[in-house]
1. Once both labels are modelled 7 Å past Cα along the beta-carbon direction, what's the ARG128-ASP88 spacing in nm?
2. Summarise the accessible area of the range 40-114 (1.4 Å probe, protein heavy atoms) by the percent that is carbon and sulfur.
3. If packing is taken as the average count of other Cβ atoms within 10 Å, what order do 49-61, 109-121 fall into, highest mean first?
4. Considering only protein heavy atoms, what per residue accessible area in square angstrom results for the range 56-110 with a 1.4 angstrom probe?
Amino acid sequence: ARSVWLELFDYSCLLTLFFEVVAGTISYGFRCKGGWWVQSLWNKCDLILLVCECIEFASSYTILVGITLRPFRIFRHLRTMVKWRTFDDVSVILSTLWSSFSQLTVVLAIFILFIITFSIFGMAMYQRSFGRQCISLPHPVPACSDSMFQAGVCD
């Protein structure tokens with residue numbers, strides 16, 4: 001029963017975000033000469049969050065059932081935090097991150113390449129140990145025994 005209520009709350013939050021994006025687009029216009037809705041960084045954030053939520057909703061009916069993008073909703077609370085005087089430095093941090101987005105993307109791509117390289121290296125290095133199986137025998141056998149059950153050296 002609890003998961004049903006949480007799921008209904010989740011869908012109502014998604015619906016609210018959708019109506020906020022639609023209302024902002026109608027009132028300011030998505031793209032016009034004077035000013036447009038996507039011109040604001042916060043509105044871009046809302047649009048990205050809506051697209052992420054729609055991708056998650058669509059992927060729940062496909063093979064990607066375990067994918068979740070809900071934690072990105074926390075970014076919506078940054079809008080109210082920046083407006084408080086106590087959190088003035090948050091806006092400085094956010095503007096710095098936004099201006100260095102392209103450099104962070106390059107660093108993230110190099111990091112992913114690094115992880116993939118070591119994953120391939122690890123698979124090649126430990127490929128022999130993937131074929132081992134755990135079995136139980138009626139008599140004790142040393143930990144590093146071969147298939148003939150003769151005590152040997154671990155490889």
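The values are calculated or read from the model by the stated rules, or taken from the named source; none is laboratory data. The structure displayed is predicted, hence computed values, not measured ones. For neighbour counting, all protein chains shown are included, and Cβ atoms are generated from backbone atoms with ideal geometry for every residue, glycine included. To get the accessible areas, we keep the full protein, side chains included, count just its heavy atoms, and leave off ligands, DNA and RNA. Shrake-Rupley method; radii C 1.70, N 1.55, O 1.52, S 1.80 Å.
1. About 6.5 nm, to one decimal.
2. Roughly 77 percent of what the probe reaches on the range 40-114 is carbon or sulfur.
3. In descending order of packing, they fall as 49-61, 109-121.
4. I get 84 Å² per residue for this part.
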